[in-house]
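Read the figures in this text as sums done on the coordinates, not as results from a lab. Quick caveat: nothing in here was measured; it's all calculated off a predicted structure. Virtual Cβ from ideal backbone geometry, glycine too; neighbours counted across all protein chains shown.
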Amino acid sequence: MKKRNLAADILIKHKIRYLSILWCDNANIIRSKALHIPTLLKEINKKKSRYKDDFLTKIERRLTKSIALQALPVLYDAPVPEAGLDPVKEIRLIPDWSTLVIPEYLSGHALVIGNLVDDDGPWELCPREILRKSVNSLKKLGFETKVGIEIEFFLFHLNDYIANIEHFPIPIDHDLYAQNSAFERGRDVIDDMTDELFAQGIEISNYNVESGPGQHEISLHHTDPLTSADRLVYARETIKAVAINHGLIVSFVPKLFEDATGSGCHIHMSLLSKGKNIMGSKKGNWNISKNGQHFIAGILDHLPGLMSMTTPTPNSYRRIKPQFWSGAYRVWGIDNKEAAVRVLHNPFGDGPERFELKTADLSANPYIALTGILASGTDGIANKTALSDPIQKDPAKCTKAEMKKLGIELLPTSVSSAIKHLDNDEVLKNAFGAEFHRVYRAVKLFEEKELKKLTLEEERKILLTRY
């Protein structure tokens, strides 16, 4: 009751005009519905002692959406027929009041992330609820994780794009990786982006210029998986809105240029027990604790199917290529940027504190991706999956004989290939449930069928502002 009343106080105190309730669909499009707050307040007799509770109850009961919206592909607003979600049932969109924010860039507006609920409780296709279940499954084994996310994106000149809509927009720079002059050119917009995020309670770990034309990276500080996914949703919205205010356009599309690096969403994770980071251990192989090894091994074990969630679009596989630092091989290594899983060397402690999954990008719904990662790691711990030896060289430079000897193999190179692995992965299917698996695979396979007909130029015109 205290948290709910606090949310009411915030909405009233700040004279909010519209409250937008956000959700993220299977195509990773952030959608919302908005309520006009002054109208809702007018409907309530404020003299009642419970008017704040009545006010929020009105909000919680006001919004519904068709279940068919979870069957929308990235291309357009028409449900994928194979998903089987007919427009004859509605579910409720209930705010999670702990996620309420009032962005400074949206004067008089507030945002909150919603849960999808049916008459019996949490809807089986709600991505946030599925992630909660995966977090609890790991917790039952006595562990938890912290997640930090690197957000890579391209910045283009918006006005040039509007004036020449048939031409691809012009990047704000053509500088090299970490070249300081690019930071100087983008300083004002980057400052505003990070200031806005920090004002929302989203801490920033670091920033750097990336190697693609107009490409930049902002890394979010680590937190629990559900909060991390929520923050990524807000970060995407904030970064895009601030860019527009500066006359720029942002795109998180994984691969925009054939001859330049793509944008990933590198996911950093640590394993904790009783609040203590237990990734490292002087007694463990490679100074990694046994449970840390099992967790990483589980992710590698399930990675071919997991990629249907972490790299879920045809454009994702344009990016994942050998020698592009994108994690094209099913291997791990210490400080090896070509490995799918990179364990970060820690010179200041008793072993590594975290690892990074490189085989991920921002076309992925963060709740779905993190659910799959946690389910994989949890399975590794539960079954004490052994971790293979690290690969401490560029896998692409190995001979076929070396690859066979070291167990190096390329990961799936298409959505349909990753989906086939998912179909045979009982651990991942059980983590999501049969209905979610059926709907999700239908959406992803439909997107692949339609998008693989297009050239990169045609594809990026569609995806440029979707992600």
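Can you work out which of the residues in the range 1-33 that are hydrophobic (A, V, I, L, M, F, W, C) and assigned to a helix (DSSP H, G or I) is farthest from the chain's Cα centre (by Cα)?
By that ranking, first place goes to Ile12.
Take residues that are more than 29 Å from Asn291 (Cα to Cα) and among the hydrophobic types (A, V, I, L, M, F, W, C) and tell me which of the helices (runs of 4 or more DSSP H) falling wholly in the range 120-206 contain 1 or more. Before the answer, list the steps.
Numbers: elements: 127-140, 158-163, 180-199.
Hits in the range 120-206: 158-163, 180-199.
Say whether the condition of being in a helix (DSSP H, G or I) and touching a helix residue (DSSP H, G or I) at 6+ places or on another chain (Cβ under 9 Å) is met by at least one residue in the range 245-262. It would help to see each step written out before you state the result.
Initial filter on the range 245-262 (in a helix (DSSP H, G or I)): 245.
Filter again for touching a helix residue (DSSP H, G or I) at 6+ places or on another chain (Cβ under 9 Å), leaving 245.
Scanning the range 245-262 turns up at least one residue that is in a helix (DSSP H, G or I) and touching a helix residue (DSSP H, G or I) at 6+ places or on another chain (Cβ under 9 Å).
With the requirement that a residue be in contact with a Pro (Cβ under 6 Å, 6 or more places away or on another chain) and in a helix (DSSP H, G or I), what does the range 349-378 give you?
If the condition is that a residue be in contact with a Pro (Cβ under 6 Å, 6 or more places away or on another chain) and in a helix (DSSP H, G or I), then Tyr367, Ile368, Leu370 are the ones that fit.
Go through the residues of the range 275-293 one by one and say whether even a single one is part of a strand (DSSP E or B) and surrounded by fewer than 20 Cβ atoms within 10 Å (Cβ to Cβ).
yes
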